[in-house]
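Encoded as structure tokens, the structure appears first; notes follow it.
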Amino acid sequence: MKRNKGLGCVYHPSYRDRKTGEKRLSPTWWISLSNRGKRVQLSSNSTHRADAVRLLKRKLTELGTGRPIGPDIDRTTFEDLATILENDYRANARRSLRLLPGKLGNLRAFFGMDRAADIIADRITSYVAMRREAKAANATINRELAALKRAFRLAHRAGRVAAVPHITLLHEANARKGFFEEEQFHSLQTYLPDHLKPVVQVAYVTGWRIASEILTRKKHHLDLSAGWLRLEPNETKNGEGRMFPLTPELKAVLEEQAARTRAFELQSGQIVSWLFYRDGQPVGNFRRAWLTACRAAGIPGRLRHDFRRTAVRNLERAGVSRSAAMAMVGHRTQSIYQRYAIADETALKEAAVKLAALHASGLMSNEGMATLSKARLKQSQGFSHNEKEN
């Protein structure tokens, strides 16, 4: 065994031949060093001493920077990362667990049984290039990269990898701007099955997510006497409960749905707990019915999520305060709300009409601007005088 003073050692491990019982030396060089009072032994996977010396120096450098070392780290593979991520999803009961196999599938096909230490920045860039050649959308690639990054962070926290590689997400310029105008919505309604009509009517008014927030409603979530439709805490994407006041249109739809449910229960002898149902069972995926209705209505390519943008736009048009609108639709931050509060063509045309009226009034001239300023000053003085009197 040859030693480097105080810096660990490189050596050939010995073993006994099972047939002859003779003691022999392995041709592969190994390294041995101390990590927090424990002896760590690692194979260099090489028969050249220089390779073992370089490995030893690298591991000593990692120790000096506080990075963990050990056989567990060197043996961690992509499959180990995938397992760690799947366990995290299950432990936290993430609703997106059903989508995880799709994200990991393409990653697994590329990285296979690669060691985590070999999945570095340039290897990840090669993966992105491969996915781009396969015509995958930037958003799809980003979801896969996000899963890989999350797996590395969890593994680093558990001491299974030495570092998290740098992962740069792609630019996503595919934000949708779809709306339903009122006539388009009514046209769509005529081509939908009867059990789906109240579902999309509620989505059109509330902007709630159809799959997770509307189809999951049960009868006890509706309070017709008080005028509320409720989402309980932990039923929403952000974990916060939500209540939507019943507008006359929304109340009429839900009263009709409740009456239809009572009639179905009397006729079938079956108790229905769901607010929206088909033959007594909760409504499932209706993708085919949706696509058929959109084509028939002359609005192909529309998404059910477009109701969310439509509701936000209608709230903006109605002059509802932004804080109240965010609470009704379920947006936690201003930045997310603004992504949905997109100015549509009608709003822009209305703004243009107002601007044209201003130009036509002559108020843009010097004399007009002076007159307007005086009027505003007089108005503000009047407000101040009234405040003093009050």
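The values are calculated or read from the model by the stated rules, or taken from the named source; none is laboratory data. Quick caveat, the model's predicted, so the values are computed rather than measured. Don't worry about glycine lacking a Cβ; one is built from the backbone with ideal geometry, like all the others, and counts go over all protein chains shown.
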What about Glu232, is it among the acidic types (Asp, Glu) and either buried (at least 17 other Cβ atoms within 10 Å of the Cβ) or not assigned by TED's automatic domain parsing to the domain that holds Ala82 (or both)? yes
Please count how many residues of region 246-280 are assigned to a helix (DSSP H, G or I), surrounded by 11 or more Cβ atoms within 10 Å (Cβ to Cβ) and either in contact with a Cys (Cβ under 7 Å, 6 or more places away or on another chain) or hydrophobic (A, V, I, L, M, F, W, C) (or both). 6
Would you confirm, using the coordinates I've provided, whether Arg217 is surrounded by fewer than 13 Cβ atoms within 10 Å (Cβ to Cβ) and either over 26 Å from Val312 (Cα atoms) or outside the structural domain of Leu100 (by TED's automatic domain parsing) (or both)? no
Using beta carbons and a limit of 8 Å, which pairs, at least six apart or on different chains, have the first residue in region 136-163 and in a helix (DSSP H, G or I) and the second one crowded, with 17+ Cβ neighbours inside 10 Å and of a type in the set (S, T, N, Q)? Glu144/Asn106; Ala155/Thr76
Of all strands (runs of 3 or more DSSP E) completely enclosed by region 19-79, which ones contain at least 3 residues that are at pLDDT 80 or above? 23-25, 30-35
Spot the failing condition for Asn92; the list is (1) loosely packed, with under 12 Cβ neighbours inside 10 Å; (2) in contact with a helix residue (DSSP H, G or I) (Cβ under 6 Å, 6 or more places away or on another chain), and only one is missed. (2)
With respect to Arg143, is the statement that it is over 21 Å from the mean Cα position of the chain (by Cα) and either of a type in the set (Lys, Arg) or buried (at least 16 other Cβ atoms within 10 Å of the Cβ) (or both) true? no
Cβ pairs under 8 Å, 6+ apart or interchain, first in region 219-244 and of a type in the set (Phe, Trp, Tyr), second in a loop (DSSP other than H, G, I, E, B), ordered by first then second residue, are Trp228/Leu246; Phe244/Trp208
Matching residues in region 281-328 - criterion: being surrounded by 13 or more Cβ atoms within 10 Å (Cβ to Cβ), among the aliphatic types (A, V, I, L, M) and in a helix (DSSP H, G or I): Ala289, Leu291, Ala293, Ala296, Ala311, Val312, Leu315, Ala325, Met326, Ala327, Met328
